[in-house]
Amino acid sequence: MFDYTFQWKQALARLPKMLDGAVITMEVAIISMLLGILFAILLTMFRQTKSRPLNAIATTWIEIARNTPALFQIYMAHFGVASFGIHFSPFTSLLIGITFNNAGYLAENFRGALKAIPDTQARAGQSLGMSPVQSFRYIVLPQMLRISFLPMTNQMVWAILMTSLGVTVGMNSDLYGVTQDLNALTFRTFELFAIAGVIFYIITKVITLSARLIAARLFRY
Amino acid sequence: MIEIQNVRKSFGQLEVLKGIDLNVEKGEVVTVIGGSGSGKSTLLTCINGLEPIVSGKILVDGTEVHAKSTDLNKLRQKIGIVFQQFNAFPHLTVMENVTLAPRKVLGMGKAEAEAIAEKHLNHVGLGDKLGTYPTRLSGGQQQRMAIARALAMSPDYMLFDEVTSALDPQLVGEVLETLKMLAEEGMTMILVTHEMSFARDVSDRVAFFHKGIMAEIGTPAELFENPQHPETQSFLASVR
Amino acid sequence: MIEIQNVRKSFGQLEVLKGIDLNVEKGEVVTVIGGSGSGKSTLLTCINGLEPIVSGKILVDGTEVHAKSTDLNKLRQKIGIVFQQFNAFPHLTVMENVTLAPRKVLGMGKAEAEAIAEKHLNHVGLGDKLGTYPTRLSGGQQQRMAIARALAMSPDYMLFDEVTSALDPQLVGEVLETLKMLAEEGMTMILVTHEMSFARDVSDRVAFFHKGIMAEIGTPAELFENPQHPETQSFLASVR
Amino acid sequence: MFDTALSANDLVFLAKGAGITIVVTAISVVIGTILGIIFGVIRVQLGAVLSAPLTLFLDIFRSVPLLIQLVLANAFVGMVLQLQLSGFFVACMVLSLYTSAYCAEIVRGGIDAVPTVTRRAARSLGMSWGQDMRYIVMPLATRVALPSWIGLALGVMKDSALVYVVQVTELLKSTQILITRLQEPLFLLLICGAFYFIISFPLARFGGYLEKRWSND
Amino acid sequence: DKLDDIISSGKLRCAVVLDFPPMGMRDENNEPIGFDVDYCNDLAAALGVEAEIVETPFPERIPALMSNRVDVGVASTSDTLERAKTVGFSIPYFAFEMVVTAAEGTDITSFESMKGHTVGAVAGTYEAIALEEYVNEWGDGSEFRPYQTQADVFLALAQGQLDATVSTSTVAQANVKSGNFGGIEVVASAPFDIDYVGLFAKRDEYGFLNYLDLFVNQQIRTGRYDELYEKWVGGDVPSLTVPGAYR
Ligand SMILES: Nc1ncnc2c1ncn2[C@@H]1O[C@H](COP(=O)(O)OP(=O)(O)OP(=O)(O)O)[C@@H](O)[C@H]1O
Ligand SMILES: Nc1ncnc2c1ncn2[C@@H]1O[C@H](COP(=O)(O)OP(=O)(O)OP(=O)(O)O)[C@@H](O)[C@H]1O
Ligand SMILES: [Mg+2]
Ligand SMILES: [Mg+2]
């Protein structure tokens, strides 16, 4: 049954290249996460406003992000929008796809968090002479981020995992892309992807653990 | 001086204030009493412009609160308000709660803001809680912190909305003490309260609200000893 | 008959019962009083085998509760228990709450189980709530339902753990009435309660627990009028 | 709006892809849920320490990209074990375990949400562990877990778009095949996206509705 | 052995790439057609079994064989020495020339003039690996993008996301001719060696590999190779032998 010869050495020799890929993967995940949070906050504010167009934009974005596959969103960001003559590099397409997805999911989380913050908080801020923006910025937002910290950590893990979809838009510098290229050269499929899997696993664990540490330091109340 | 002139206010179909007239002079303490839903809280939130009104006028030191041209943020700095529900900012320490607005709104430096905050916190008896998070405070302490937070903006007027009614009975005293102290220092205040003996004690005038109407207003002696309006009589009978 | 022989019980490091001896005869009503954390609740949960014990023995009608060979599910059918915290099954109506165990455990038919349930529910004064979901019941009604639920298994013994202490004061009476009725009907009961006058009223014997030890036991007259143990004296003084 | 070369045949082809998406999802969700319930119950029953190996195993499915799980499982089954299993089988196998890993968490959360005292009450009435589970814990846990479970099932449907790597032609892959021939990427992608959306959106809303309703009482 | 297994199972499973016209593609009913599809059918007929076409993207061809999903690859697979470490190749059954296809309006007229442009090819193919090396060498503004399928490459080219691609002449011509992609044309040949492609099977299945060699030889002898070439490609039939060497 086990007449397959594992050739770990050959595969492990490629580890430095894969680690370079892991760096790109982290880069995409982190940038898409930061942008995602930013857009999610915007979307959340859009949904709070009474403006119909803003509401519609936010709802459309959020529902599409949450109800279609991430792969679809990324493919769309590259080949779909190119039908309008808008071209993004593979890196940018992947970044846009994941950011779009992150923002949609996070906005939904933020909405839940917002509901958990009594509106007397914002009122209290305004009563002290703060503008609505100030009271959102200094009072509501920090509390909202605290409540959604765990979902944000989960989304970060998702973002990391989603980078593996970049190959469909021609990305080959991220961890999955590098692994696939190496596989095309050597065909040590099992070994190479097992190593990639381990790297992904370690990355996600490091992220969840450090998130816990950060949370413990950040949220002392 | 706060001038309230024929103010009407509705929530949707529901008319909550049906033409209120009331002037509060500098240094005066006016207490508002009345049944639940009679519009007391609503009046306070209209005074500092948190709620729009349907008709009438509210003037604070001559500035019309609901005029388009009024800079509400600026106006609110003059008017401190403390609500029934505790609304300490849970993510900030007591000190940060109090210094936030002076720093961000008035642009005060950190040291200056903290000096002021400490003064007010000492004043309300929280001088030893500066670094504590509000979740660690009792309800009474939270309300006193809210008072200090409002005072740190050096307001000319203070509005208090049943600041003791969410408190356990043994904590009510410490907050009322603080209010009394403020009154004695000459702060202009409008107080909504259910504590009748306290109202009698500190008020210059007491107003009785009933279903959106100010049914009666007078000195504590007049209103408590000799209420004119039948609703006032039955209300006072029910709370005694 | 329930025989408790030198029972010791720990949660981790914490020794909660330090050698308890107590026999409860058929038809007897024994009340357990004592400070918070003295081990009263723990004793009850040991009697019906919900918690293991460290050493000693508990016999119910001669069956050793904590012996490996004992069929606990069978044994528990004999022992009804009602807890301090409300624990209605929220997804079932009152009727279903009460008939569930007779049907599933005793294998009773639906009609028979419902007849019995109705009898007990009438008995505790819930005859008009059969189709209601527990979330619609007051705390007192929930506790009475829990009593009917336990009774529907026709237990020989009933254990009550401060069944009134999570209740609003005005609801306590109705539940105590029910307990009293049961006692008068000759049910063997162990009752943990903080209602001293009630304890005096219904108990054959009263036991005072202190820090995992049964410090004193006697008739209500002995224990309440003439407590021997200094801790009993100070406990009684504190609750009066 | 679109002048398209899309024929009825192609629509049938797309529908077949959609069918595969639904079948793969249905199989994986059913098996994954059963496994997830078993794993979840085991985790609650054994406690954190004893079930650590299981927790760790399940954690892998949530920490490694699904694409890699599929490629690895495919390579392992075929190259190492030399088994002749269809890509469809491998896809369902991986997705089932993937589902079970998330489902176990949901089940655990649901069971933990049942108050101990309620369970004790059931046991005190003479109910066995199994009866307690069946008549008390599961109905109550379901209320807590169902909304998240609906979310999970929809998530699996969306993630099933990745099974193309093990040569299963599901909806998105069918779309790509048609794009190859017809060269109308935007139009075809919109059809494909609309399909996912039409299934996912109402169910997601329903889940949200249940969550709201059940958290109120 | 494998040969017996295939005959006794009555089924031959071929890995074929179906977005690689004219070697593999789909008709209006989305059924597989093309040179490789016919070739697989011929092979199955010779073995006296039924053919089953298993669609595999380029990067998945060899993994599909290794994971036992197919018996043989009829997938226009270049017989590189690196790959021969993993799988066994038959003698060449087809030969490709590599050409540069560029989007109109770019100044690309030769292979070298791709320097400084964004170019792409199908991930994991012979030409992709070679092209990427050139791009790395060129540097300054040159970018290489590997896509998962041949279709994605031409789509990207037609959309203007790529300036040029290197592919086999057959696929390039087929795509240009199809008219599906506006504004692209074959501009030059690529300075790569002639790309001989072989059938492939498990490398230790000598019996089967031997059979494949003979089958390829027979296809040429019987004129079937010419016939298929005429049907799918047309023009001069490329020679499948290397001057001065056996095999
Ligand atoms: N934001 C709102 N939207 C709709 N109705 C409101 C709102 N705020 C208050 N109301 C209604 O307006 C009426 C007056 O409310 P208000 O809070 O001013 O009464 P109150 O005198 O302060 O009563 P209480 O003593 O209970 O605090 C009530 O009927 C209340 O339900
Ligand atoms: N499951 C448990 N795990 C750990 N410690 C426990 C557990 N249950 C009870 N204890 C501890 O055992 C001690 C006795 O608890 P028990 O509930 O029996 O007291 P009690 O006399 O019923 O008090 P009360 O009047 O407050 O109900 C307490 O210190 C309690 O904290
Ligand atoms: Mg009010
Ligand atoms: Mg207790």
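Checking B:Ala237, B:Ala166, B:Ala199, B:Ala215 one by one, the residue that is more than 16 Å from ligand 3 (Cβ to nearest atom) and touching a helix residue (DSSP H, G or I) at 6+ places or on another chain (Cβ under 8 Å) is B:Ala215 and no other. Please find, within region B:179-188, the residue that is nearest to ligand 4 (Cβ to nearest atom) out of those that are in contact with a helix residue (DSSP H, G or I) (Cβ under 8 Å, 6 or more places away or on another chain) and touching a residue at least 40 places away in the same chain (Cβ under 8 Å). That would be B:Met181. Looking at the structure I just gave you, is D:Leu186 more than 23 Å from D:Thr33 (Cα to Cα), within 14 Å of chain E (Cβ to nearest Cβ) and either open to solvent by 10 Å² or more (accessible area, probe 1.4 Å) or in a helix (DSSP H, G or I) (or both)? Answer is yes for this residue.
Residues being within 16 Å of ligand 3 (Cβ to nearest atom), within 14 Å of chain A (Cβ to nearest Cβ), surrounded by 21 or more Cβ atoms within 10 Å (Cβ to Cβ) and not aromatic (Phe, Trp, Tyr) are entirely absent from region B:118-140.
Going by the structure shown, is B:Ser41 within 14 Å of ligand 3 (Cβ to nearest atom) and surrounded by fewer than 21 Cβ atoms within 10 Å (Cβ to Cβ)? For B:Ser41, the condition - within 14 Å of ligand 3 (Cβ to nearest atom) and surrounded by fewer than 21 Cβ atoms within 10 Å (Cβ to Cβ) - is met.
Taking the condition closer than 25 Å to B:Thr63 by Cβ, open to solvent by 30 Å² or more (accessible area, probe 1.4 Å) and part of a loop (DSSP other than H, G, I, E, B), does B:Ser165 pass? When the stated conditions are applied, B:Ser165 does not pass them. Look at region A:120-149 and say how many of its residues are closer than 21 Å to B:Ile79 by Cβ, more than 9 Å from every other protein chain (Cβ to nearest Cβ) and among the hydroxyl-bearing types (Ser, Thr, Tyr). Count: 1. The condition (being surrounded by fewer than 20 Cβ atoms within 10 Å (Cβ to Cβ) and either assigned to a helix (DSSP H, G or I) or touching a Leu at 6+ places or on another chain (Cβ under 8 Å) (or both)) is satisfied by just one residue among D:Val117, D:Val71, D:Val90: D:Val117. Quick check: is even one residue across region C:215-231 closer than 23 Å to C:Ile79 by Cα and either within 15 Å of ligand 2 (Cβ to nearest atom) or part of a helix (DSSP H, G or I) (or both)? Taking every residue of region C:215-231 in turn, none turns out to be closer than 23 Å to C:Ile79 by Cα and either within 15 Å of ligand 2 (Cβ to nearest atom) or part of a helix (DSSP H, G or I) (or both). Of all the listed residues (C:Leu130, C:Leu159), the sole one being within 18 Å of C:Ile116 (Cβ to Cβ) and either in contact with a helix residue (DSSP H, G or I) (Cβ under 6 Å, 6 or more places away or on another chain) or within 16 Å of ligand 1 (Cβ to nearest atom) (or both) is C:Leu130. Within region B:80-107, take every residue that is more than 16 Å from ligand 3 (Cβ to nearest atom) and facing chain A (nearest Cβ under 7 Å) and give me the one that is most open to solvent (accessible area, probe 1.4 Å). Per the stated criteria, the residue is B:Lys104.
Kindly establish whether B:Met153 is away from ligand 4 (no atom under 16 Å from the Cβ), touching a residue at least 12 places away in the same chain (Cβ under 8 Å) and more than 14 Å from every other protein chain (Cβ to nearest Cβ). Taking the combined requirement at face value, the residue does not satisfy it. Among the residues of region D:93-114, those identified as open to solvent by 10 Å² or more (accessible area, probe 1.4 Å) and touching a residue at least 40 places away in the same chain (Cβ under 8 Å) are D:Leu97, D:Tyr98, D:Tyr102, D:Glu105, D:Ile106, D:Val107, D:Arg108, D:Asp112.
Where helices (runs of 4 or more DSSP H) fall wholly inside region E:1-78, the ranges with 1 or more residues that are out of contact with any Ser or Thr (no Cβ under 9 Å at 6 or more places or on another chain) and acidic (Asp, Glu) are E:2-9, E:35-47.
Answer yes if at least one residue in region C:50-60 is touching a residue at least 60 places away in the same chain (Cβ under 8 Å) and not small (Gly, Ala, Ser), and no otherwise. Yes, some residue in region C:50-60 is touching a residue at least 60 places away in the same chain (Cβ under 8 Å) and not small (Gly, Ala, Ser).
In region B:45-97, which residues are part of a helix (DSSP H, G or I) and acidic (Asp, Glu)? Once the filter is applied, which keeps residues that are part of a helix (DSSP H, G or I) and acidic (Asp, Glu), region B:45-97 yields only B:Glu96. When region C:20-55 is examined, which residues are found to be within 13 Å of ligand 4 (Cβ to nearest atom) and acidic (Asp, Glu)? Hit for region C:20-55 is C:Glu51, nothing else. Close Cβ contacts (under 7 Å, 6 or more residues apart or on different chains) running from residues in region E:133-144 that are within 14 Å of E:Leu162 (Cα to Cα) to residues that are assigned to a loop (DSSP other than H, G, I, E, B) and of a type in the set (Ser, Thr, Tyr) comprise E:Val135/E:Ser142. With respect to the numbered conditions (1) in contact with a Lys or Arg (Cβ under 6 Å, 6 or more places away or on another chain); (2) in contact (Cβ under 8 Å) with a residue 40 or more places away in the chain, which one is the sole condition not fulfilled by D:Ser51? If we test D:Ser51 against (1) in contact with a Lys or Arg (Cβ under 6 Å, 6 or more places away or on another chain); (2) in contact (Cβ under 8 Å) with a residue 40 or more places away in the chain, just (2) comes out false. Considering the conditions (1) assigned to a helix (DSSP H, G or I); (2) without any contact (Cβ under 8 Å) to a residue 24 or more places away in the chain; (3) over 16 Å from A:Gly129 (Cα atoms); (4) open to solvent by 30 Å² or more (accessible area, probe 1.4 Å), B:Leu176 is excluded by exactly one of them, (4). Please tell me if E:Gly139 is out of contact with any Gly (no Cβ under 6 Å at 6 or more places or on another chain), farther than 24 Å from E:Val16 by Cα and open to solvent by 10 Å² or more (accessible area, probe 1.4 Å). Answer is yes for this residue.
Okay, residues lined up against (1) without any contact (Cβ under 8 Å) to a residue 24 or more places away in the chain; (2) within 14 Å of chain D (Cβ to nearest Cβ):
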position	(1), (2)
E:Thr56	no, yes
E:Leu65	no, yes
E:Asp71	no, yes
E:Leu81	yes, no
E:Gly88	no, no
E:Ile91	no, no
E:Ala95	no, no
E:Ile108	no, no
E:Ala123	no, yes
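Going by the structure shown, is A:Ile202 surrounded by 20 or more Cβ atoms within 10 Å (Cβ to Cβ), away from chain E (no Cβ under 14 Å) and part of a helix (DSSP H, G or I)? For A:Ile202, the condition - surrounded by 20 or more Cβ atoms within 10 Å (Cβ to Cβ), away from chain E (no Cβ under 14 Å) and part of a helix (DSSP H, G or I) - is not met. Determine, yes or no, whether C:Gly186 is closer than 30 Å to C:Met214 by Cβ and not in a helix (DSSP H, G or I). Yes; evaluated as a whole, the condition is true for this residue. Confirm whether B:Asn73 is within 12 Å of chain A (Cβ to nearest Cβ), buried (at least 21 other Cβ atoms within 10 Å of the Cβ), among the polar types (S, T, N, Q) and more than 16 Å from ligand 4 (Cβ to nearest atom). Taking the combined requirement at face value, the residue does not satisfy it. Residues in region D:126-141 that are more than 27 Å from the chain's Cα centre (by Cα) and either surrounded by fewer than 18 Cβ atoms within 10 Å (Cβ to Cβ) or among the hydroxyl-bearing types (Ser, Thr, Tyr) (or both): D:Ser128, D:Trp129.
No other residue among A:Ala70, A:Ala65 is within 12 Å of another protein chain (Cβ to nearest Cβ), touching a residue at least 40 places away in the same chain (Cβ under 8 Å) and either over 30 Å from A:Tyr138 (Cβ atoms) or of a type in the set (Phe, Trp, Tyr) (or both) apart from A:Ala70.
The values are calculated or read from the model by the stated rules, or taken from the named source; none is laboratory data. The structure displayed is predicted, hence computed values, not measured ones. Counting neighbours? That spans all protein chains shown, and the Cβs are built from the backbone with ideal geometry, glycine included. Calculation scope for accessible area: heavy atoms of the full protein, side chains included, ligands and nucleic acids excluded. Shrake-Rupley method; radii C 1.70, N 1.55, O 1.52, S 1.80 Å.
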